[in-house]
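The values are calculated or read from the model by the stated rules, or taken from the named source; none is laboratory data. Quantities reported herein were computed from a predicted structural model and do not represent experimental measurements. Cβ placement follows ideal geometry from the backbone for every residue including glycine, while neighbour counts extend to all protein chains displayed. Protein only, heavy atoms only, side chains kept; ligands, DNA and RNA dropped before computing areas. Shrake-Rupley method; radii C 1.70, N 1.55, O 1.52, S 1.80 Å.
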Amino acid sequence: MHETVEKSHGRLETRCIKASTSLNEHLDWPGIAQVLQYRYTYKNLNTGEETTKVHYGRTSLTPEAASAERLLEGRRGHWSIENKSHWIRDTQLGEDASPVRCGAIPQVMAALRNAALAVLRFAGVTRIADKIKYYASKPLLAVNLITECF
């Protein structure tokens, strides 16, 4: 078991993961090494309202390869990727709304979106949404940014 407690964004957040091998022999799941219970509780410090969410999972990683602490870090890291890449690609670059659906074009467009985000991050941009709007109205500056990165 591993637990973290953080105070941020006006709330107190508690994350706890329990990992066990005790159910493995009862499960018909190839390669299972551990089952997981993830509990996330957050308390709004202004209103006192508390919410708890519980998720269950499984992994092929053994306890030696992935302790409860490492599994919790991995879960948090997944959301970092989701927030830094997928969310921006969808909300700011309109990936899900794109009408492009045939052939290799969707993969090409995804690669171009990823390249644009990489250039912005390489240039030290932290507020991606603001810079996307800024460069959308100044395409020549966007081209200059690309040449500065290489």
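Quick notes
- Taking the longest Cα principal axis of the chain as reference, the axis of helix 68-81 is set at about 20 degrees.
- Coarse-grained scattering of segment 1-145 at q = 0.11, 0.13, 0.15, 0.22 Å⁻¹, given as base-10 log I(q)/I(0) from a Debye sum over alpha-carbon atoms: -0.68, -0.85, -0.96, -1.20
- Value of Rg to Rh for segment 106-150, rounded to two decimals, is 0.96; Kirkwood radius and Rg both from alpha-carbon coordinates.
- Look at the alpha carbon pairs under 8 Å that are at least 6 residues apart: their mean separation over the length of the chain gives a relative contact order of 15 percent.
- The apolar share of the surface of segment 24-75, taken as the fraction of accessible area on carbon and sulfur atoms (1.4 Å probe, ligands and nucleic acids excluded), comes to 47 percent.
- Segment 1-92, accessible area per residue, ligands and nucleic acids excluded (1.4 Å, Å²): 70 Å²
- Between helix 105-122 and the chain there is an angle of about 90 degrees, using the helix long axis and the longest principal axis of the Cα atoms.
- Alpha carbon convex hull of segment 17-79, projected area averaged over orientations, nm²: 5.2 nm²
- Reported to the nearest whole Å, the Cα centre-to-centre distance from segment 119-150 to segment 11-87 is 36.
- Rounded to the nearest 20, the size of the Cβ-charge dipole of the chain about its Cα centre is 480 debye, with Lys and Arg at +1 and Asp and Glu at -1.
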